[in-house]
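A.B. asks: Quick one: structure below, then a few questions.
The values are calculated or read from the model by the stated rules, or taken from the named source; none is laboratory data. The model shown is predicted, which means the values in this text are computed figures rather than measured ones. Backbone-built Cβ (ideal geometry, glycine too); neighbour counts: all protein chains shown. Just the protein is used for accessible areas: all its heavy atoms, side chains included, with ligands, DNA and RNA removed. Shrake-Rupley method; radii C 1.70, N 1.55, O 1.52, S 1.80 Å.
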Amino acid sequence: MQTGKILKVAGPLITATGLKDANMFDVVQVGSQKLIGEILEMRGDQASIQVYEETAGIGPGDVVATTGSPLSVELGPGMIETIYDGIQRPLEAIRAIAGSSITRGIQVPPISYTKLWKFEPTVQPGTKVVGGDIIGEVQETSIIRHKVMIPPKMAGTIKEIKEGEFTVKDTVGILTLEDGSETPLTMMQKWPVRVGRPYKEKLPPNVPMNTGQRVIDTLFPIAKGGTAAVPGPFGSGKTVVQHQLAKWSDVEIVVYIGCGERGNEMTDVLREFPELKDPRTGESLMKRTVLIANTSDMPVAAREASVYTGITIAEYFRDMGYSVAVIADSTSRWAEALREMSGRLEEMPGEEGYPAYLSSRLAQFYERAGYVRCLGSDDRRAALSAIGAVSPPGGDISEPVSQATLRIVKVFWGLDASLAYARHFPAINWLNSYSLYEDRLAGWFNENVHKDFMAQRGETMRLLQQESELNEIVRLVGIDALSPQDRLTMETARMIREDFLQQNAFVDTDAYTPFGKQFALLRLILEYYRQGKVALDACADMNKLFSIPARDKIGRAKDVDESEYEKVFGFIMEEMTAQIDALIEAGGDAQ
């Protein structure tokens, strides 16, 4: 260790001298309590250090010691179900030692060094292996098998492999390297958080992530391995959307990063997730979740570490072949931390005081998502999807963080406060949201859901757009000035909004909707529109068309159980057709 002395303390930023051999992004220990810090800038033997803990009581002359290694995470069995802070300290283990508050400088292993795990080897002595090859498995939770891998950049022949119960630091095998030397293999790896874990090849994402949220899956889908942003003003439902994605998305691992949000929001997550049942396995949602809780009352600098820690843990599970989702709430708080540190470093500010490198930092995070061929001898493929909330002040997405994010991500779910206040959830505005994966996923939807899926989506978007235009006329001259055909468009768009786009998270049959049911439900509404146009052309009574009994059944159709919807929707379609045919036969004056 090289030691130096503190010259100056400015909040989370410390300037120290005597560290001429230190490197950028090295981890340092500050003061007698050995607070964790990271070198941001080197000028001669002076280092600017951001400290990830409260710096009260630290002053000039205190000792700073370098560790000689970058900020890294420990990866191995025991991470699932754990709640970490921004620098991968397990909060429950800290509470057991220090009580209700986090003591400064406390050092707790990120994963237990004493817990025994049953290791089951999957290779034999004499097997040639390369980086990324799986040498054994551990049943980490009831639904996740943790796959122990050869570290990247390592290759050789398995000399010895054991079976039994071991801690993460015990030797489970011996690898003879290509130069003839031997190295022990354990169940734990260390990896620097600012360096993306390697893979063989990044592939174009072409399979949608089924979130169960109809406005997302049908109108603005995200691909597995894709990137999405959820911007919106305070109270518009960013956290609601992200909780729904964490609960219902068809991914195998969820890494939820609470980055600088209020403590009560993370408390909701901590209380809800253990009680929620995973719809695919029936087990607790925590059995496949890693939580990183960095709340707004924790040191600002740790927000940056929490984002990198989360994406690195997610990459590790992706390398096992799992489909992983990283949910960051919110990247705006991380950007605020970058702005504060940049200001203290006296760097040239960019727009609104944010650093000039804001866009590149955000890009570095989102670019670590993707659908990849993993390292290893086998051809396993896996996806890492990144979904970040953005909290623009007052909902103004012209501010720098929102604009920088939109240049990077491929899906934009724009939240609308007026929809949230009207209790329309998810409050995603269908007029200004978009998905750039739409064309790439069209073939999958048409082949695996229905050949008319994308055509039906296009018609839905057209009707919603027409409703917006007609609303301008209604505001000026009233709804009675519209033609019967335009009135039908307005009624159908209202059905799409209320009966399809709106979902109730507290009703089991409505909280999650599979692709097939989404298509069938939307087809019911659009079929009402098509048959209604025919009826109006035949001079049917408009008011009777709008009040047929089948319309009420369409409105309740989303609550039909998944196992029965095909039969029930068929009955509703037959009733609706019969009732509209009766109106056509009865005829009437054109409205």
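A.B. asks: I'd like to know which of T114, T67, V130 lies farthest towards the positive end of the charge dipole of the chain, counting +1 on Cβ of Lys and Arg and -1 on Cβ of Asp and Glu.
C.D. replies: T67
A.B. asks: Let me ask another. In debye to the nearest 20, how big a dipole does region 445-497 give about its Cα centre with +1 on each Lys and Arg Cβ and -1 on each Asp and Glu Cβ?
C.D. replies: So the magnitude is around 120 debye.
A.B. asks: Once amide H atoms are built 1.01 Å from N in the peptide plane, which residues 5 or more positions from L203, or in another chain, come under 5 Å H to H?
C.D. replies: Y371, V372, R373
A.B. asks: While we're here: Between F119 and residues 5 or more places away or on another chain, which pairs have amide H atoms under 5 Å apart, with H built 1.01 Å from N, and which residues are they?
C.D. replies: It is G164, E165, F166, by chain and number.
A.B. asks: If each DSSP helix of 4+ residues adds -39,500 (n - 2.57) and the sum is divided by the residues in the chain, what number results at 222 nm, nearest 500 deg cm²/dmol?
C.D. replies: The helix-only estimate for the chain comes to -10500 deg cm²/dmol at 222 nm.
A.B. asks: Calculate, for the chain, the solvent-accessible area per residue in square angstrom, rolling a 1.4 angstrom probe over the heavy atoms of the protein chains.
C.D. replies: Spelled out: the 1.4 Å probe surface of the chain, per residue, equals 41 Å².
A.B. asks: Towards the positive end of the charge dipole of the chain, with charges on Cβ (+1 Lys, Arg; -1 Asp, Glu), say which of A511, T176, I387 has the farthest Cα.
C.D. replies: T176
A.B. asks: Set the Förster distance to 35 Å, then compute FRET efficiency between I102 and T176 from the Cβ-Cβ distance, nearest 0.05. Present the calculation step by step, with values, prior to reporting the outcome.
C.D. replies: On the way: r = 44 Å, r/R0 = 1.25.
Efficiency at R0 = 35 Å is approximately 0.20.
A.B. asks: Let me make sure I get this right: for region 285-423, a, b and c are the square roots of the gyration tensor eigenvalues over alpha carbons, sorted descending. Under 1.5 in a/c it's rounded, otherwise prolate if a/b > b/c, else oblate. Which is it?
C.D. replies: It is prolate, given that a/c is not under 1.5 and a/b is the larger ratio.
A.B. asks: Give a quick list of trypsin sites (Lys or Arg not before Pro) in region 1-31 that DSSP marks as loop, anything other than H, G, I, E or B, with at most 13 other Cβ atoms within 10 Å.
C.D. replies: Those that pass, being in a loop and sparsely packed, are K20.
A.B. asks: Roughly how far apart, in whole Å, are the Cα centres of region 273-298 and region 357-417?
C.D. replies: 21
A.B. asks: Please identify the longest segment of the chain free of exposed chymotrypsin sites (Phe, Trp or Tyr not before Pro), where exposed means a DSSP state other than H, G, I, E or B and no more than 16 other Cβ atoms within 10 Å.
C.D. replies: By the stated rule (loop sites, at most 16 other Cβ atoms within 10 Å), 358-505.
A.B. asks: A further question on this structure: For region 450-591, just say rounded, prolate or oblate: build the C-alpha gyration tensor, square-root its eigenvalues into a ≥ b ≥ c, call rounded for a/c under 1.5, and beyond that prolate if a/b exceeds b/c, oblate if not.
C.D. replies: It is oblate, given that a/c is not under 1.5 and a/b is not larger than b/c.
A.B. asks: Tell me the GluC sites (Glu not before Pro) within region 318-410 that lie in a loop according to DSSP and have at most 12 other beta-carbon atoms within 10 Å. Walk me through the numbers before you get to the answer.
C.D. replies: On the way: sites: E336, E340, E346, E347, E351, E352, E367; in loops: E346, E347, E367.
Answer by residue number: E346.
A.B. asks: Given (i) 17, 42, 31, 9, 1; (ii) 18, 46, 26, 8, 1; (iii) 22, 57, 20, 0 as candidate values of P(r) over Cα pairs in 20 Å bins from 0, in percent, which corresponds to the one derived from the coordinates?
C.D. replies: (ii)
A.B. asks: For the chain, give the percent of accessible area contributed by carbon and sulfur heavy atoms, probe 1.4 Å, rounded to a whole number. Kindly include the intermediate steps, with their values, before the conclusion.
C.D. replies: Values: 12090 of 24210 Å².
With neighbouring chains kept in place, the figure for the chain is 50 percent.
A.B. asks: May I pose another question? Give the separation of the Cα centroids, region 168-233 to region 328-342, in Å.
C.D. replies: After rounding, the separation between the Cα centres reads 24 Å.
A.B. asks: Same structure, new question: Say each of E92 and Q403 gets a label point 7 Å from the Cα, pointing the same way as Cα to Cβ; how far apart are those two points in nm?
C.D. replies: Placing both labels 7 Å along Cα→Cβ, they lie 4.5 nm apart.
A.B. asks: Using only Cα atoms, find the angle between the long axis of helix 438-448 and the longest principal axis of the chain, and express it within 0 to 90 degrees, rounded to the nearest 10.
C.D. replies: 70
A.B. asks: If you don't mind, there's one more thing I want to ask. Sum up the charges of everything whose Cβ sits under 13 Å from the Cβ of P393, counting Lys and Arg as +1 and Asp and Glu as -1, but leave P393 out.
C.D. replies: -2
A.B. asks: Skipping prolines and chain starts, which residues have an amide H placed within reach, meaning under 5 Å, of the one on A155, given they are 5 or more residues away or on another chain?
C.D. replies: E178
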